[in-house]
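Nothing in this text is a laboratory measurement; each read-out follows from the coordinates by a stated rule. This is a predicted model, so every value here is computed, not measured. Cβ: placed from backbone, ideal geometry, glycine included. Neighbour counts: every protein chain shown.
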Amino acid sequence: MKTIIARVREHARDVLKDSSDILTLDTKAIDTNLIPRLEELHKVWTKLPFTRGHRPFDQDLGLVVFYNVMNFCFQDPKTKHEYTYTTQAGKKLTRSTAFFDALSEAPVDWNDPKAVRRITLEKWMKWTQQSDKNVLYMGKERLEKAIGFANFLIEKGYPSVVAFVEADQLDAQNMIYAFIESGYYGDEFLKRAQLTIRSINEIMIAHRHLHIKRVELLTCMADYRLPQVFYNTGVVLLSDRLKKRLQNQEEILDGSSEEKALRATVIVVGEYIAKKMNLPEASIDRLLWELSQEMASEGELPIPHMLVATDKY
């Protein structure tokens, strides 16, 4: 019987088969333009532990789980506004990094579902520095999702996030089903659910020198940034229509054939690279993300990433 993650891979391949009028893959470009850069990054990032600060194990775990309940779309597709957060040390951050730091500095016990459930909208707006001038896309709805997930944990009888994670015997396949059951990780490519498991695995390694079982089942995480790396390195060849839409920063509709095709490339290309480099796909995902940040800072991403109004990724 195929695992649910194996079905994600199969689905991604099927999407691309039906999307030849939207985009195509160039495997030669993967071999020549992408893999050599990833191999160089791998030398630097090999076995790099997950570090987000100096929090205790239970806070690291609770924070990363609740963060990924709310980890999606930080640039408003319509206004193009990017959420910002100024840390307690005075550093101004943007988008996902800004939001993660806002949560990490909030006076909340993220391991305690009852504490999360008690967060008021007034406190939420203050802690995340949201205002009329600093709008966070679906900012209020994110709090509703956090409270909803906290209620799910409480109703299931879990006194803490640690108890929830350990109940699934640190097994990736079991965890996927638990996250899906919660109703807060819905996505045909399971991006946030898989990313949460990878992050939990990194926390386990950093704090307890343990690995999540069957973590090698995970795919690359289908988001908006990795396809941008692909079409800016010639790995993905875009149709003229889609390329023009991306260059003009037109909104791509959630669930459209264009959005699905772009996201599917992450799964398919990631699997190809993983086999070539003999690494787990989740590790390839991390390398691709680091490459995307490097390319962004070096001005190597002239074609913008897609803008999608979504809470999936």
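Summary table
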| quantity | calculated |
| --- | --- |
| Sum of side-chain charges, Thr3 neighbourhood, beta-carbon under 12 Å (Lys, Arg +1; Asp, Glu -1) | +1 |
| The range 238-305 - Debye-derived log10 I(q)/I(0), Cα point model, q = 0.14 Å⁻¹ | -0.54 |
| J(HN,Hα) series, the range 166-180, from Karplus relation 6.51 cos²θ - 1.76 cosθ + 1.60, nearest Hz, glycine and proline x | 6, 5, 8, 6, 6, 10, 4, 5, 5, 5, 4, 5, 5, 5, 5 |
| The range 133-216: Rg to Rh, with Rh as the Kirkwood radius over Cα pairs | 1.01 |
| FRET efficiency, Glu216 to Glu39 (Cβ-Cβ, R0 25 Å, nearest 0.05) | 0.80 |
| Whole-Å semi-axes of the range 162-265's equivalent ellipsoid (Cα gyration tensor) | 33, 15, 10 |
| Sum of -39500 (n - 2.57) over DSSP H runs of 4+, divided by residues of the chain (222 nm, nearest 500) | -16500 deg cm²/dmol |
| ³J(HN,Hα), Karplus 6.51/-1.76/1.60, whole Hz, each residue of the range 236-243, x for Gly, Pro | 10, 9, 8, 5, 4, 5, 5, 4 |
| Alpha carbon Rg of the chain, scaled by the compact-globule rule 2.2 N^0.38 Å | 0.98 |
| Reachable aspartates and glutamates, given that their alpha-carbon falls under 20 Å from the alpha-carbon of Lys276 and they are not under 8 places away in the same chain | Glu10, Asp26, Asp31, Glu39, Glu40, Glu216, Asp285, Glu290 |
| q = 0.08, 0.09, 0.11, 0.18 Å⁻¹, the range 57-216: log10 I(q)/I(0) [Debye, one scatterer per Cα] | -0.23, -0.29, -0.43, -1.14 |
| Ranked list, fewest to most other Cβ atoms within 10 Å of each Cβ, for Arg118, Arg37 | Arg118, Arg37 |
